[in-house]
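The structure appears below as structure tokens.
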Amino acid sequence: MDLFGHASQEEQRKRAPLAVRMRPRTLEEFEGQEQILGEDSILRRAIVKDQLQSLILYGPPGTGKTALAAVVARMTSSYFVSLNAVMATVKDLRAVVESAKERQRLYTQGTILFLDEIHRFNKTQQDALLPFVEEGLLVLIGATTENPFFTVNRALLSRSRVVQLEPLSTASIKNILTRALTDEVRGLGHRQIVIKDEELLFLAKAAGGDARVALNALDLAAEVAEADEHGNRVLDHALLVEALQTPMVGYDRAGDGHYDLASCLIKSIRGSDPQAALYYLARMLRGGEDLRFIARRLVISAVEDVGLADPQALVVANAAAEAVERIGMPEGRLIFAQAAVYLACAPKSNSVYLGINKAWQRAGETGTLPVPKHLRDTHYQGADELGHGLDYKYPHDYPGHWVKQQYLPDEIKSDIFYQAGEEGYELQIKEIMEQRKRIRIDVDTNKG
């Protein structure tokens, strides 16, 4: 400490959380993200050659966004400035810009600005960055856990490369934990930590792709573990579970995960995979998703993906929506689960979906066509004089409650919008329609 009781930088470093102390110093130490940092990747070559252009690093917490920025800071000849968008203001940006101009003028040195949580900047703050990124005064590295295509200005995105980081694999997190246990300077190597390989693997899996969660849990467990007579600190399963507590579900009801998991749920139902449907449903429910949103997605799937192959699908989905609204959670998960499994296992057809889309487009193109006179309304006096309703055939007066009759306007009378599929109940519909088609042909032939 100094005379005023302030801790030295070395003491501050030692007091920093393990996740901060173990941040990689080089690309060789950087674990995971091979898809963007592989040996021949453009990003790796740009970093090594110190030719980095503006980036938006996008990915879940603990995947290495800040760590990658720290590696860049060590490897670049540019001046590196770090700001957090939660606390930074336009005034702070102006100060960075003025300093960057001065360095450029005096030393021809560039400036890299790392802006953590860039999605927290509002439009005005992002606009303030734009001219300096565009002219090259600042190379921006923005980090965000939210989809930048939703949260970052289009103009700023067009001048940056979006790089997506994925959750770390269990193997990568285990490697990070092993390095922390053996590093005597930055990690826990100076302590006599005893942990079985299976417990280390458990911790790596339980972290859910987030290295920070794993390192923080390891740090806490090592801190509270009692040393035995030999000075060993044993980290057993019970202690690790307690240190982890309940892992946070990586889910944001208003963010990208909201749409990604909803998409996975629907595509699993469409793909007739009840196992995956239940898993993604559980993820959404555990994440606190709006129950009405889930209900809407299930009802839509019942029509869009199951359709008339099983008309009961809509009944089941709608009943589930109403039942969950009355009962709520936690029992509501059982109701949603039954609906999701039913939809996933039901025969599939998108014939109605395709049919309404074709009809919708045709209606937009021909919305002013006069409808057939024999179908027009006749409830008012004088309709007969206009010829409305004349020659209309009432289907219930005919065998099978059907009679050949034109319903579409003349100009599009041969258009086909709905074509029955080959699955479930639609097969019966198809047979009926084919039979009526043959009757139409016979009638038209006899007329000729």
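Please treat every number below as a calculation from the coordinates, not as lab data. As the structure is a prediction and not an experimental result, all values here were calculated from the model. Glycine gets a Cβ as well: all are built from the backbone with ideal geometry, and neighbour counts include every protein chain shown.
Taking the Cα-to-Cβ direction at GLU226 and at LEU375 and moving 7 Å from each Cα, how far apart do the two end points lie in nm?
Modelled inter-label distance: 8.4 nm.
I'm spelling it out carefully: the read-out is Cα extents along the principal axes in Å, the candidates are [x] 62, 52, 39; [y] 106, 62, 42; [z] 70, 44, 37, and one was derived from this structure. Which label?
The calculated read-out lines up with [y].
Residue by residue, what Karplus-based ³J(HN,Hα) values in Hz, rounded to whole numbers, does the stretch 346-357 have, using 6.51, -1.76 and 1.60 with θ = phi - 60° and x for Gly and Pro?
Running phi through 6.51 cos²θ - 1.76 cosθ + 1.60 with θ = phi - 60° gives 6, x, 10, 7, 10, 4, 5, 4, 5, x, 5, 5 Hz.
How many angstrom lie between the Cα centre of the stretch 143-206 and the Cα centre of the stretch 284-300?
About 30 Å separates the Cα centre of the stretch 143-206 from the one of the stretch 284-300.
Within the chain, which is the longest segment containing none of the trypsin sites (Lys or Arg not before Pro) that sit in a DSSP loop and have at most 10 other Cβ atoms within 10 Å?
The segment 50-412 is the longest one with no such site.
Assuming 0.36 nm per residue, please report the length gained on full extension of the stretch ASP50 to ASP415 beyond their Cα-Cα distance. Don't skip to the answer; put the middle values down first.
Values: separation 365, 0.36 × 365 = 131.40 nm, distance 6.19 nm.
Taking 0.36 nm per residue and subtracting the Cα distance, the gain is 125.2 nm.
So what is the relative contact order for the chain, in percent, with contacts set as C-alpha pairs under 8 Å and at least six apart?
Working: 601 pairs, mean separation 49.4, N = 448.
Relative contact order of the chain: 11 percent.
Once each part is reduced to its C-alpha centroid, what is the distance from the stretch 81-100 to the stretch 378-425 in angstrom?
One Cα centre to the other: 70 Å.
Sequence-distant or interchain residues sharing an amide H contact under 5 Å with ILE56, placed H: which?
The list, which skips near neighbours in sequence, is GLY142, ARG161, VAL162, VAL163.
Please give the length that would be gained between TYR279 and ASP40 if that part of the chain were fully extended, namely 0.36 nm times their separation in residues minus their C-alpha to C-alpha distance (nm, one decimal).
Numbers: separation 239, 0.36 × 239 = 86.04 nm, distance 3.61 nm.
This chain segment gains 82.4 nm when fully extended.
So in the chain, what percent of DSSP beta bridges are antiparallel if you round to the nearest 5?
On the way: 1 of 23 bridges.
Percent antiparallel among DSSP bridges in the chain is about 5.
For LYS404 and GLU385, compute 0.36 nm times the residue count separating them, minus their Cα-Cα distance, and round to one decimal in nm. Let's see the in-between values first.
Working: separation 19, 0.36 × 19 = 6.84 nm, distance 2.51 nm.
Full-extension gain reported as 4.3 nm.
Apply 1/(1 + (r/R0)^6) to the Cβ-Cβ distance of ALA171 and GLU29, taking R0 = 25 Å, and write down the FRET efficiency to the nearest 0.05.
On the way: r = 16 Å, r/R0 = 0.63.
About 0.95, to the nearest 0.05.
Quick one: order TRP360, TRP402 by neighbouring beta-carbon count within 10 Å, fewest to most. All intermediate terms of the calculation are to be shown ahead of the outcome.
Values: TRP360 10, TRP402 14.
Ordered by Cβ neighbours within 10 Å, fewest first: TRP360, TRP402.
Taking GluC sites (Glu not before Pro) that fall in a DSSP loop and have at most 12 other Cβ atoms within 10 Å as cut points, what is the longest piece of the chain between them?
Numbers: sites that count: GLU28, GLU39, GLU135, GLU184, GLU226, GLU229, GLU331, GLU385, GLU422.
Between the exposed loop sites, the longest stretch runs 230-330.
Would the stretch 370-447 count as rounded, prolate or oblate if I go by the C-alpha gyration tensor, calling it rounded below 1.5 in a/c and otherwise prolate when a/b exceeds b/c, oblate otherwise?
Prolate shape, in that a/c is at least 1.5 and a/b is the bigger ratio.
Angle check, please: helix 291-301 long axis (alpha carbons) against the longest principal axis of the chain (alpha carbons), in degrees 0 to 90, nearest 10.
For helix 291-301, the angle is close to 50 degrees.
Note the angle between two axes, namely the Cα long axis of helix 274-286 and the longest principal axis of the Cα atoms of the chain, as a number of degrees from 0 to 90, rounded to the nearest 10.
60 degrees
Could you work out the local net charge near ALA309, counting Lys and Arg as +1, Asp and Glu as -1, over the other residues with Cβ closer than 15 Å to its Cβ? Provide the component values of the computation, followed by the final result.
Details: positive: ARG270, LYS348, LYS430; negative: GLU304, ASP305, ASP310, GLU422, GLU423, GLU426, GLU431.
For residues surrounding ALA309, the net value is -4.
Where does the charge balance sit around LEU375 when Lys and Arg score +1, Asp and Glu -1, over other residues with C-beta under 13 Å from its C-beta?
Working: positive: LYS373, ARG376, LYS393, LYS413; negative: ASP377, ASP391, ASP410.
Charge balance in the 13 Å sphere: +1.
Of LYS393/LYS413; LYS358/LYS393; LYS393/LYS437; LYS174/LYS267; LYS65/LYS101, which ones are farther than 24 Å apart at the Cα? Spell out each step's value before the answer.
Values: LYS393/LYS413 17 Å; LYS358/LYS393 27 Å; LYS393/LYS437 18 Å; LYS174/LYS267 32 Å; LYS65/LYS101 27 Å.
From the list (LYS393/LYS413; LYS358/LYS393; LYS393/LYS437; LYS174/LYS267; LYS65/LYS101), the Cα-Cα distance tops 24 Å for LYS358/LYS393; LYS174/LYS267; LYS65/LYS101.
For PHE293, PHE202, what ranking results if the residue with the fewest other Cβ atoms within 10 Å of its Cβ goes first?
Working: PHE293 13, PHE202 18.
Least crowded to most crowded, the residues run PHE293, PHE202.
Rounded, prolate or oblate: which one fits the stretch 256-345, using the alpha carbon gyration tensor with axes a ≥ b ≥ c (rounded when a/c is under 1.5, else prolate when a/b beats b/c, else oblate)?
Details: a/c = 1.68, a/b = 1.15, b/c = 1.47.
Note, shape of the stretch 256-345 comes out oblate.
With a Förster radius of 25 Å, plug the Cβ-Cβ distance of VAL194 and ALA16 into 1/(1 + (r/R0)^6) and report the FRET value to the nearest 0.05. Don't skip to the end; give the middle numbers.
Details: r = 24 Å, r/R0 = 0.97.
Using R0 = 25 Å, I get an efficiency of 0.55.
Is there a quick way to get the dipole size of the chain? I mean about its Cα centre, with the Cβ of Lys and Arg at +1 and of Asp and Glu at -1; what is the value in debye to the nearest 20?
Details: 53 positive and 61 negative charges, 191 e Å.
Using Cβ point charges on Lys, Arg, Asp and Glu, the chain gives about 920 debye.
Whose amide H sits under 5 Å from the amide H of PHE80, counting only residues 5 or more places off or on another chain, with H placed in the peptide plane?
The list, which skips near neighbours in sequence, is ILE112.
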